[in-house]
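Here is the structure we will look at, set down as structure tokens.
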Amino acid sequence: MEGNAACRSVKAFEFPLLKMRALCYDKRVHSTQVWAKLIEKRDEFMSVSELNTVDMAEVLTYAYEIGDMINASVEVADYLYWKQEVESDPTIQALIRKLESKKELFDETQRFGHFHPNYHSAKDEVAAVESELEAYEPVARFKQAEKNLDDLLHSMSERIAFSVSESIKVPGNDPLPKKGCGSGGACSCG
């Protein structure tokens, strides 16, 4: 836990994010450690719930411990680092503002759909600015770090939900779901 406390003090932004990555490199909690702790806590909780005496304070304590471990993970550190890099780059910020203005124009044309005379050109302009923005390494790395963090959180949500029941639906951000009704649940309609 002492390594986590060191990372948490760094996470409190006492140092710049670049130093945070360097300081936490050896002290990071990897996903496998988070899973092991989650399983250990689940087993402790299940033994408590079998006695029909669920102490919600204890459940919340375990949830906060898992949250602290996630905050000390590689995925969160990478996400915060690349987010800071994107936010601090003036060229990227200018492109983000340009993208927002192009999206506003596209939204105006989208009310009428394909019938609007500028619909396709507005759509192409948005795509062009998006591809220009994604050409910058910090943006690409930020998107990848965001996806990795989302995957970690989703898989942990699934693990928790499915330890209760296989039929519990766990929402996900996947636009092309692989299971059932698109909700992540274990229904057999897909």
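The values are calculated or read from the model by the stated rules, or taken from the named source; none is laboratory data. Treat the numbers as computed from the prediction; the structure is a model and nothing was measured. A quick note on method: Cβ atoms are made from the backbone with ideal geometry, for glycine too, and the neighbour counts reach across all protein chains shown.
One line per residue, one yes/no per condition, for (1) in contact with a Ser or Thr (Cβ under 6 Å, 6 or more places away or on another chain); (2) loosely packed, with under 15 Cβ neighbours inside 10 Å; (3) within 18 Å of Asn148 (Cβ to Cβ):
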| residue | (1), (2), (3) |
| --- | --- |
| Met56 | no, yes, no |
| Ala63 | no, yes, no |
| Leu80 | no, no, yes |
| Glu85 | no, no, yes |
| Ser88 | no, yes, no |
| Lys102 | no, no, no |
| Pro117 | no, yes, no |
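Would you check if there is a residue in segment 64-84 being at pLDDT below 90, more than 17 Å from Glu137 (Cβ to Cβ) and over 17 Å from the mean Cα position of the chain (by Cα)?
No: segment 64-84 contains no residue that is at pLDDT below 90, more than 17 Å from Glu137 (Cβ to Cβ) and over 17 Å from the mean Cα position of the chain (by Cα).
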